[in-house]
Structures are given as C-alpha cells and as structure tokens.
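Asker: Got a structure for you, questions after.
The values are calculated or read from the model by the stated rules, or taken from the named source; none is laboratory data. Owing to the predicted nature of the structure, the values given are computational and were not obtained by experimental measurement. Quick reminder, even Gly has a Cβ in these numbers, built from the backbone with ideal geometry, and neighbours come from all protein chains shown. Note: areas computed on protein heavy atoms with side chains; ligands, DNA, RNA excluded. Shrake-Rupley method; radii C 1.70, N 1.55, O 1.52, S 1.80 Å.
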Amino acid sequence: MDISHASSLSKADALALRYGEDSIPAAGPWSDAIALMLSHRSIRGYRPDALPEGTLETLISAAQSAATSSNLQTWSVVAVTDPGKKAQIAKLSAGQKQIEQCPLFLAWIADVSRNERMSVEEGVTLEVLPFLETYLVAAIDAALAAQNAVTAAESLGLSTVYIGAMRNNSTQIAELLGLPQGAMGVFGMCVGYAAPDTANEVKPRLPQDAILYRETYGNPNESALRKAYDAKMAAFSKRNDMTQDTWTSRVIGRMSKVAALGGRDKLVSALHAMGFPLK
Ligand SMILES: Cc1cc2nc3c(=O)[nH]c(=O)nc-3n(C[C@H](O)[C@H](O)[C@H](O)COP(=O)(O)O)c2cc1C
C-alpha cells in the first residue's frame, strides 16, 4: 500500500496498517490529521539533502503551539546541523548512524535555567525550582512540543526518529551543547528525507483492548492479547529484515538487564550534576 500521501489514507486502511486486519478498533469520527498520525513511523536512514529554507522555524512554530504546563514553557531546543557536532552526538548516543546522516538534529531540552535567570534578574526566590515535579513538568512539556514537531514534519513529507540514547551520556551532551545548569537534553530527534532503501512499514501497536480500559483499570484477557500481538510483531520484524522476534522478547531484552540502559542508570546523579536536585 502506498502511504506516501498519508493524510489521504482511508480510515479503514489507516487502522488496518496500525493494528492489523484482525484488531481494527471501532473508530468513529475521522480527519486527514488523524490519518497522518496513524501513518507515523520512525525512520533510521536519511538522504543528505538539505531541508527547504525555514523548515526549522516551521517545525518549531508547531512545537511551541503544544500545550505547556501553566504556560511556563520550560523547554528549549538546540538545532544542530554541523557535521562534526552531529558526529560527536552520535558517538555519545550509542553510535546511531542516522544522527550523522540527517540534515537536522534537534536536541530537546528540559529547561528551567530561564527561570533561574529570571529569578536572579527579578531578585526573587523560585522555591519550586529544585523539585522533581518541576523537572517532570519540563520533561513533559519538551515531549509534547517535540511530538508536535514530528507531526508537522511528517505532514511536510519529512521523516523523523527520536533519539533517547542522547541520555546515555547526558553530562557530556550538556557540555557539547553548552547547556547551562538547569537544562538537560531529554532526547534528540533526527529530521530529514527518508533514504529510499530504508524500512518504513507502519509498526503495529497493541490492540486497544490491551491499553484502553473503561471506568476501571485492567483486562482479564491481557495475556492472550499480548500473545496475539507477539505473533503480529514477529511477522513484522521478519518482513522488515530484523531478527524475527516477538514483542515480549524485545521488551524483556530491553528491560531485564541494567546494562540495556546504556549508562542511563546513572541519570539521577547526572541530573544532580546538571542542576536538578529532584527534591
Ligand atoms: C523518547 C523516545 C526515544 C527513542 N529513542 C530512540 C533511539 O535512541 N533510537 C532509535 O532508533 N529509535 C528511538 N525511538 C523510536 C522508537 O524505537 C519507536 O518510536 C518505536 O519502536 C515505535 O516505532 P514507530 O515510531 O516506527 O512506530 C525512540 C522513541 C521515543 C518516543
């Protein structure tokens, strides 16, 4: 199925791509924007082509239009196009090649440093700054903004992939990007044009019954739903040239050993060093 014009996908096609023919939810109202969201897929191979002028500013306008807790706007973004800097970021982020390939890398920052500067300039103490809650607000706001940028990019025919591995070496990333105290790169994002030979099939998700509960949490069929999804993901991974693997075994692989955190097990001390006491 050609999904290059994602927003023109019919509801039935978009839902079938996302869930598989056997798990199509009874979705009601529909729009082109929803079709676009359902066609999302992360892309890990990029052409070197530059983006049209003003693309960065367009994406950031979309990002800044996301809701933000109490309008605090406790996030920033560092746009990186310099090849040498992208290579350094890639090295600090598990060597992911797409960081070097993409023409634009965005480092999304949970940022309370502006508030700290405000507090000094205004001669006031902002008592809430050191709390975990404030860091969480900043990280959530950064994520909401970033996801708006993803949808905007995809609406323009661009591709993206988040880079959580940017947290593997958070303090070095902070140094490389010149972040002040109170600013932390929560994740990165590659933006660019997908290379033609890159896998781009829509990745199936858990059936809605496994995550959508009504009035009370839980579904007694959880185990059966998981097994059915395992079969779907095993087929997906086989089709997309990865090792044929179930979702369960991937989750276990990702979560059973601390080593899989790639250094992020030290995040609390890294955050302390970056000016987040997390009280
Ligand atoms: C916060 C976050 C961090 C991620 N980090 C990485 C990463 O470091 N490298 C990568 O290749 N994909 C990364 N991903 C992409 C996920 O692997 C991807 O979204 C997931 O497998 C679902 O696939 P899809 O986006 O194609 O639907 C990340 C996604 C999120 C939301």
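Asker: Here are some residues: D230, D265. Which one is assigned to a helix (DSSP H, G or I) and under 30 Å from T134 (Cα atoms)? Don't jump to the end; show me each part of the working.
Answerer: Details: D230 fails: under 30 Å from T134 (Cα atoms).
The conditions single out D265.
Asker: More than 14 Å from G263 (Cβ to Cβ), of a type in the set (S, T, Y) and crowded, with 23+ Cβ neighbours inside 10 Å - does that describe any residue in segment 162-181?
Answerer: No, because not a single residue in segment 162-181 is more than 14 Å from G263 (Cβ to Cβ), of a type in the set (S, T, Y) and crowded, with 23+ Cβ neighbours inside 10 Å.
Asker: Which of the residues belonging to segment 113-143 are aliphatic (A, V, I, L, M) and within 16 Å of the ligand (Cβ to nearest atom)?
Answerer: The answer is L136, A138, A139, I140, A142, A143.
Asker: Still on this structure, I have one more. Do you know which residues across segment 182-203 are under 16 Å from H40 (Cα atoms) and open to solvent by less than 10 Å² (accessible area, probe 1.4 Å)?
Answerer: M189, C190, V191, G192, V202
Asker: A further question on this structure: Take segment 81-91 and flag every residue that is in contact (Cβ under 8 Å) with a residue 12 or more places away in the chain and surrounded by fewer than 20 Cβ atoms within 10 Å (Cβ to Cβ).
Answerer: Selection gives T81, P83, K85, A87, Q88.
Asker: Would you pick out the residues in segment 199-211 that are closer than 18 Å to E154 by Cα and out of contact with any helix residue (DSSP H, G or I) (no Cβ under 9 Å at 6 or more places or on another chain)?
Answerer: Across segment 199-211, the qualifying residue is only N200.
Asker: Continuing with this model, one more query. Considering only residues that are assigned to a helix (DSSP H, G or I) and in contact (Cβ under 8 Å) with a residue 12 or more places away in the chain, look in segment 238-248 and name the one that is surrounded by the most Cβ atoms within 10 Å (Cβ to Cβ).
Answerer: Result: W247.
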